[in-house]
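The values are calculated or read from the model by the stated rules, or taken from the named source; none is laboratory data. Bear in mind the structure is a predicted one, so any value in this text is a computation, not a measurement. Please note: Cβ atoms are built from the backbone with ideal geometry, for glycine as well, and neighbour counts cover all protein chains shown. The accessibility values were calculated without ligands, DNA or RNA, using every heavy atom of the protein model including side chains. Shrake-Rupley method; radii C 1.70, N 1.55, O 1.52, S 1.80 Å.
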Amino acid sequence: MANALKPAIPGISEAWLDDSGRLGWGREVLAYILPNGQPLRVGKETWLMADGETADCRDPQRANEFLAKTYHEGGCEALGHLNGGVCAAVWERDVQRLSLVTDFLGLRPLFYLQQPGRLAFASEIKALLALGWIQPSINEEALAEWLAFEVLDGDRTLFKDIKRLPPGSVLIWEGEQTKVYPYVHLGYSEELSRWSESQWVEAFIETLGQSLQRRLVNPQGYVLPLSGGLDSRLLLGLVSTRLQQVLPLVTYGEPSSRDVKRAKEMGKTLGYPHQILFLDEEYPKKFARACIERSEGYLNVVDSHGWTLNSLPSSCQVLVLGNGADLFLNTADASYSSEVRAISDPFEAYIAYINDLFKFSEWLHWFTPGFVNRYRDLPRQRIEEEVAQTPGASLSLKLDTHRLFFYEVDYILHGLSVVRPRFEYTEPYLDRDLVMLMLSLPPNLRAKRYLEKKALSHVNPQLARIKGGPMSQPSSLEVLYDRLERRLKWGFRRLNVLRDAHLEPPSSTFSNMHHLLRLKPNRQWVEDTLLKSPFLERGWFRPQAVRQAIDEHMQGIRNHTRHLGAMITIEMVAQRFVDKG
């Protein structure tokens, strides 16, 4: 197990066996935030082991003491509520009880495998598979859900018998019986909706500023990944104006990408050290295997771009990430396409919105009859059950909450797996106090990230005026250039030089995956993975549909980027973890 979890660079390696022989555990972690010296003895017959970030205690010399004190004062649930995100295990030898806890947002995951008389847990699934307790196999119910929504919720994983401890939950194993219960129920409310807009802007800026101050007490080794969007731009604005600190910046993308162009201008405006990591044309193929190894199927391989951060120098140790603002500061219906917005029933519109991978209406086209008959109704049933249990005073608040914690946060956090072996990370937007504030925001201030745009304009007007910011105004020359470019493309379309799929905007702000998959090296990789492997024989996809998707994408007839990525992901997971045993 330990070998499966070792970080990419030397870190902390600790192992401990209880005198009774009933428990053995260990840590393989980086040494940037929590120090060594675990497990901690927190009682005469009680030991504690934890991993994660304690934003309220940044002194490594006091971190273990802080963890022990937190447990003494509030037990496992207090550990889960710690600001920053901590997962922990507590062993009470006198009563032979093991407790596991995940933080309230699931920033630090835990997985477990239970068999008669024994239980194993780890922060990554591959460590559990390394035990050899089970013959790995794909959980087809979870697969059906992933193919519909591209995320898995609750305790489900892609592997039979292996479960995830849900965010904000405690597991108790005692007398060979397991009990799992949630200790927190988060959701949107409107308790503070009587505040004025200016009060909300002021409170948001102040709370986010405090979050950054907690995390940047000693910022040596910290680096801020900067995109061309709003989230990291606002963090940069606060770091420069409120904290008056200088953090190294890093941006990745194709040389002509929007992120690279805008981030360059931001770095130049502030005079901050800024490194650009260029994605080459073959990065989808190059990064895919490493992505599968680290994310274990939770992340679509077309989203493997974050792996390029692993090429940063060793002086970069902790990533100050901008995840979260676009998740909390928005509403579900504000994200709907015009097609989804035309659906009158709010729940049906929401289902259509989150079913954005393989549409339910197309399952008979994509999947084998057996797979469809067994699982077509299952993903929808699970959403119905989850929304019914989601807190909220109205259906719209319930849907916003479900979108946030089921659909958005889960997917973003799974992306952290590609950087975890090399870096620690801190998430200022997912600060406990800021989360509670954002959950009280009225919908009109959340919709289309209205409050975030107001805050950026107030904090740093210079950054807000750069293209993509809320105060930016394109020049007449830029407007003219955009018009000419669009007309030229549509002219080529009428001449059949370009197809409809070629006219789509780039697939992301940092690269154009639609186009990259059509290039020869990546195209060959797609075809080899899906057509020259056992994929078509696994009984999930119709061979004709797979071949048609590849042909249509490569010819530019339709854009199947995420479909192809999903199929490659599933096949590579099966090859790596199931076929190899």
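Filtering the stretch 510-520 to residues that are under 23 Å from Ile276 (Cβ atoms) and of a type outside the set (Phe, Trp, Tyr) leaves Ser511, Asn512, Met513, His514, His515, Leu516, Leu519.
For first residues located in the stretch 248-265 and in a loop (DSSP other than H, G, I, E, B), partners that are of a type in the set (Ser, Thr, Tyr) and open to solvent by less than 90 Å² (accessible area, probe 1.4 Å) and lie 6+ apart or on another chain with Cβ distances below 7 Å form the pairs Glu254/Ser511; Ser257/Thr509; Ser257/Ser511.
Looking at the stretch 281-328, which of its residues are hydroxyl-bearing (Ser, Thr, Tyr) and either in contact with a helix residue (DSSP H, G or I) (Cβ under 6 Å, 6 or more places away or on another chain) or open to solvent by 10 Å² or more (accessible area, probe 1.4 Å) (or both)? Ser295, Tyr298, Ser304, Thr308, Ser311, Ser314, Ser315, listed by residue number. Checked against (1) within 23 Å of Leu270 (Cα to Cα); (2) of a type outside the set (Lys, Arg); (3) part of a loop (DSSP other than H, G, I, E, B); (4) more than 17 Å from the chain's Cα centre (by Cα), Gln213 passes all but condition (3). Residue count for the stretch 1-35 under the criterion of being under 17 Å from Phe423 (Cα atoms), not hydroxyl-bearing (Ser, Thr, Tyr) and not in a strand (DSSP E or B): the result is 13.
One residue stands out among those in the stretch 122-152 that are without any contact (Cβ under 8 Å) to a residue 60 or more places away in the chain and more than 20 Å from the chain's Cα centre (by Cα): the one that is farthest from Pro166 (Cα to Cα), which is Gly132. Selection of the stretch 24-42 for residues being closer than 20 Å to Met1 by Cα and either at pLDDT below 85 or crowded, with 18+ Cβ neighbours inside 10 Å (or both) yields Trp25, Gly26, Arg27, Glu28, Val29, Leu30, Ala31, Gln38, Pro39.
Scanning the stretch 77-88 for residues that are surrounded by fewer than 21 Cβ atoms within 10 Å (Cβ to Cβ) and closer than 24 Å to Glu176 by Cα returns a single hit, Glu77.
Condition check ((1) hydroxyl-bearing (Ser, Thr, Tyr); (2) surrounded by fewer than 16 Cβ atoms within 10 Å (Cβ to Cβ); (3) over 30 Å from Leu128 (Cβ atoms)) across all residues:
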| site | (1), (2), (3) |
| --- | --- |
| Lys532 | no, yes, yes |
| Arg542 | no, no, yes |
| Ala549 | no, no, yes |
| Ile557 | no, yes, yes |
| Ile570 | no, no, no |
| Val573 | no, no, no |
| Phe577 | no, no, no |
| Lys580 | no, yes, no |
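Looking across Leu238, Leu249, Leu270, one residue alone is closer than 19 Å to Asp326 by Cα and modelled with pLDDT of 95 or more. It is Leu238. Each residue in the stretch 128-165 was checked for being out of contact with any Pro (no Cβ under 8 Å at 6 or more places or on another chain), farther than 24 Å from Val409 by Cα and buried (at least 20 other Cβ atoms within 10 Å of the Cβ), and 2 pass. When Leu397 is tested against (1) among the aliphatic types (A, V, I, L, M); (2) in contact (Cβ under 8 Å) with a residue 12 or more places away in the chain; (3) in contact with a helix residue (DSSP H, G or I) (Cβ under 7 Å, 6 or more places away or on another chain); (4) open to solvent by less than 20 Å² (accessible area, probe 1.4 Å), only condition (3) is not met. The residue that is most open to solvent (accessible area, probe 1.4 Å), counting only those in the stretch 417-468 that are of a type in the set (Phe, Trp, Tyr) and out of contact with any Phe, Trp or Tyr (no Cβ under 9 Å at 6 or more places or on another chain), is Tyr450. Taking the condition surrounded by 18 or more Cβ atoms within 10 Å (Cβ to Cβ) and either out of contact with any helix residue (DSSP H, G or I) (no Cβ under 9 Å at 6 or more places or on another chain) or more than 26 Å from Ile466 (Cα to Cα) (or both), does Glu254 pass? So Glu254 fails the test. In the stretch 43-62, how many are open to solvent by 30 Å² or more (accessible area, probe 1.4 Å) and either of a type in the set (Phe, Trp, Tyr) or assigned to a loop (DSSP other than H, G, I, E, B) (or both)? Number satisfying all stated conditions: 5. Has the stretch 329-342 got any residue that is closer than 29 Å to Ala4 by Cβ, open to solvent by 20 Å² or more (accessible area, probe 1.4 Å) and in contact (Cβ under 8 Å) with a residue 60 or more places away in the chain? Within the stretch 329-342 (the criterion being closer than 29 Å to Ala4 by Cβ, open to solvent by 20 Å² or more (accessible area, probe 1.4 Å) and in contact (Cβ under 8 Å) with a residue 60 or more places away in the chain), the answer is no, since none of the residues qualifies.
Looking only at residues that are polar (S, T, N, Q) and within 14 Å of Ala263 (Cβ to Cβ) in the stretch 214-239, which one is least open to solvent (accessible area, probe 1.4 Å)? This residue is Ser232. A count restricted to the stretch 173-196 and to residues that are open to solvent by 40 Å² or more (accessible area, probe 1.4 Å) and over 24 Å from Leu399 (Cβ atoms) stands at 9.
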